Amino acid sequence: MKINAEDLMILITIGSGFFAVISFFWCIGLAFKLRAVGKRAARLAEFVEEEMAAVSRNLETSLTQTADQARRTAWLESRVRPGASAPRQDAHESLTPPSKPSLTEYRHRVLALAQRGFDANTIANMLGEMPGEIELIINLHRAA
C-alpha cells in the first residue's frame, strides 16, 4: 500500500481539522474554568473584605475599651498615695474619675501608658490629645 501525495494531503487536512476541533473545545473548557476561578476569587475577596471590616470594628471597640480602662487605671494609680490616708468617700464617688485631671495626673497617665509599651500615637488616641504633646511629655521625662 503506497500513499500518494493526494492522499497524504487529505490525511494532513483531516488531522489538522481534528486537532483544531480538539483545541477549540479545550479552549472553551479552559474559559469556563477561568470564569469559575474568577467567580471564586470574587467571592473570596468579598469574604475577606467582610472579615476585615469585622476585625476593624472589633479593633476599634477594643481600642476604645482599652483607652477607657487605661484612663481608669491611671486615675486609680494617681489616687494611690503610700502612707497617706484618703478621706472616706462613698464607693460610687471614689470610682468616678474627675472631669479634668490636673497637669500632674495627666503627665502621670501619659508616662504610665508609655511604661506599659504604648507608643505616642496610641496614647494620644487613648487620651484624645495630639501626638506631639504626648511625645513632648515622654521626651521631657526621659531627659530629666
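Taking max minus min of the alpha-carbon positions on each principal axis, the range 1-82 gives extents of 114, 21, 12 Å, largest first. The gain in end-to-end length when the Ala53 to His141 segment is fully stretched comes to 27.9 nm, 0.36 nm per residue minus the alpha carbon separation. If the segment from Thr73 to Arg116 were pulled out straight at 0.36 nm per residue, it would be longer than the present Cα-Cα gap by 14.3 nm.
Read the figures in this text as sums done on the coordinates, not as results from a lab. Keep in mind that this is a model prediction, so the values were computed, not measured.
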